[in-house]
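The values are calculated or read from the model by the stated rules, or taken from the named source; none is laboratory data. Remember, it's a predicted structure, so these values are computed and weren't measured experimentally. For neighbour counting, all protein chains shown are included, and Cβ atoms are generated from backbone atoms with ideal geometry for every residue, glycine included. With ligands, DNA and RNA removed, areas are computed over all heavy atoms of the protein, side chains included. Shrake-Rupley method; radii C 1.70, N 1.55, O 1.52, S 1.80 Å.
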Amino acid sequence: MDEKRKSLLKNLPKIDEVILLLEKKDIYALAPREVVVEMVRQAVQDLREKIVNDSAIEKTAGEVNATNVSQLVEKFLKDLHNYRLRRVVNATGVILHTNLGRAPLCPEALRRIAEVGLGYSNLEFDLARGERGQRYNHVREIICAVVGAEDALIVNNNAAAVLLALNTLAEGKEAVISRGELIEIGGEFRIPEIMRKSGAIMREVGTTNRTRLADYEKAVSPDTGLLLKVHTSNYRIVGFTEEADIIPLVALGKKSGIPVMDDLGSGCLIDLTKYGLQHEPTVREVLATGVDVVTFSGDKLLGGPQAGIIVGKKIILEQIKKNPLNRALRIDKFTLAALEATMIHYLNEAEVVSRLRPLMSLTEPVAAVKKRALRLIGKLRRAKIADLEFTLRESFASAGGGSLPLEKIPTYLVGIKSGKTSAVRLEAALRRAETPIIVRVDKDEILLDLRTVAEDEFAFILEGLRNSR
Ligand SMILES: *Cc1c(COP(=O)(O)O)cnc(C)c1O
């Protein structure tokens, strides 16, 4: 090692020296002593490694002093006080964007979370009888009423719902499933893997594109525990295809005394064709076939909090509730409060499409989206942000979240182009804004899809663009 490096190492600031400087700045208001000491140690260690490894030794030399280290530590500790999980503006046009938190909650859900969360609650207390109650009971009745089920159970998410149902009904037994339904949802949720973890033995039948009832019939044996259908949420097989209908499958289950389960995934609760969208089977329709269990998400097309909802026959649900795994997958009071408030809207479909944001975005007439896009352009032009050009563009939005994969939802975009800044840099600037704006980039333009942007988010966009130069 050269002399320069050796002398720098000798001059590394002492931990105590840095701490003394930090104490003068009232550092313990930012973090307890143990944390401060640990950070200082780490900062000095980082500096030591830099001296040994960095080629730009002249620059490093300027950093080897107690003041510099104390400033680094202070900044780091101040940053710890900032929220990392933040609200963002979703201008991507992907309505249920898993990376952006899927369904935004309705105002009623938020109010209920605050009310229930700030005080104590009757989470597991039966107020009528004055004795211990069940947390699921608060939403059980409303879910059953809305989807027409005998019984319901809620867990953390639909992956947990599928795992719990499979483990209860098919552990150590065969679960029969079509090769066309061995899907991956993303985020590591793959049917064959979840099945293995549940202890069920996967019995694949049919082929990728065609599976007939006869394939299931042939697979049924004394080892069969479950007939499983999985909604191919995020993709479709088109062309020469055949899929066994759920009705004869239910009949086969009845005849053989084997429960039939349908993992619906998205969990659509209203008829979307009324709004010009493709038909997506509703939970009520599927339950009406006589299927024993249906599982679906709370934060996809339902438009509520993250949750996995299991509905179906009472005798099956009783079994699932008794599974010890259920305790490990149980939901918290905030989810329950939010889900209850969300479900109440389903008693009146007009509220569903006016209060639940994902459903609003999905069903809003394209003319209304266009009007909002024009209003945004007007506002942006009036703001006179130098060198920005705005263009109205027609395009397609999507449902996202593995829902309605083929649906191309007409929408309007606002294209923004800058004379000075590249689209890539503009995108990055908006992403790093105080309230981040997530946009798409197309060549030299950034695109904001107004189907997923609400009027009350315009201010964030203006602010973000103003500060982007
Ligand atoms: C989305 C989905 C899941 C997983 O649901 P999460 O709520 O994300 O855990 C499981 N099965 C199907 C068919 C899905 O579409």
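Looking at S361, is it open to solvent by less than 20 Å² (accessible area, probe 1.4 Å), assigned to a loop (DSSP other than H, G, I, E, B) and among the small types (G, A, S)? So S361 does not fit the description; no. Taking the condition surrounded by fewer than 24 Cβ atoms within 10 Å (Cβ to Cβ) and free of Cβ contacts under 8 Å to residues at least 40 places away in the same chain, does E351 pass? It is true that E351 is surrounded by fewer than 24 Cβ atoms within 10 Å (Cβ to Cβ) and free of Cβ contacts under 8 Å to residues at least 40 places away in the same chain. Only residues that are charged (D, E, K, R) and touching an Asp or Glu at 6+ places or on another chain (Cβ under 6 Å) were counted in the stretch 174-202, giving 3. The number of residues in the stretch 6-49 that are assigned to a helix (DSSP H, G or I), of a type in the set (D, E) and over 17 Å from G62 (Cβ atoms) comes to 5. Hey, among the residues in the stretch 50-71 that are open to solvent by 100 Å² or more (accessible area, probe 1.4 Å) and assigned to a helix (DSSP H, G or I), which one's modelled with the highest pLDDT? The residue in question is N53.
Evaluating A397 against the criteria (1) at pLDDT below 95; (2) closer than 27 Å to K417 by Cα; (3) in contact with a Lys or Arg (Cβ under 8 Å, 6 or more places away or on another chain) leaves one unmet condition, (1).
The requirement of being free of Cβ contacts under 8 Å to residues at least 60 places away in the same chain and touching a strand residue (DSSP E or B) at 6+ places or on another chain (Cβ under 9 Å) is satisfied by I377. Report whether or not D387 is outside the structural domain of L153 (by TED's automatic domain parsing) and open to solvent by 40 Å² or more (accessible area, probe 1.4 Å). When the stated conditions are applied, D387 passes them. Please enumerate the residues belonging to the stretch 52-80 that are under 43 Å from the mean Cα position of the chain (by Cα) and of a type in the set (D, E). D54, E63, E74, D79 - these are the residues of the stretch 52-80 that are under 43 Å from the mean Cα position of the chain (by Cα) and of a type in the set (D, E). Does the stretch 103-110 contain any residue that is in contact with a strand residue (DSSP E or B) (Cβ under 8 Å, 6 or more places away or on another chain) and either buried (at least 21 other Cβ atoms within 10 Å of the Cβ) or hydrophobic (A, V, I, L, M, F, W, C) (or both)? Yes, some residue in the stretch 103-110 is in contact with a strand residue (DSSP E or B) (Cβ under 8 Å, 6 or more places away or on another chain) and either buried (at least 21 other Cβ atoms within 10 Å of the Cβ) or hydrophobic (A, V, I, L, M, F, W, C) (or both).
Are there any pairs with C-beta distances below 8 angstrom linking a residue in the stretch 276-290 that is open to solvent by 80 Å² or more (accessible area, probe 1.4 Å) to a residue that is of a type outside the set (A, V, I, L, M, F, W, C), with the two at least 6 apart or on different chains, and if so which? Within 8 Å, the pairs are Q278/E407; H279/D271; H279/T273; R284/G148; A288/G148.
Among the residues examined, T452 does not qualify as in contact (Cβ under 8 Å) with a residue 24 or more places away in the chain and over 22 Å from R87 (Cα atoms). Reported count of residues in the stretch 159-186, each being of a type in the set (A, V, I, L, M, F, W, C), open to solvent by 30 Å² or more (accessible area, probe 1.4 Å) and out of contact with any Pro (no Cβ under 9 Å at 6 or more places or on another chain), is 3.
In the stretch 30-41, of all residues being open to solvent by 90 Å² or more (accessible area, probe 1.4 Å) and in contact with a helix residue (DSSP H, G or I) (Cβ under 9 Å, 6 or more places away or on another chain), the one that is farthest from Q71 (Cα to Cα) corresponds to R33.
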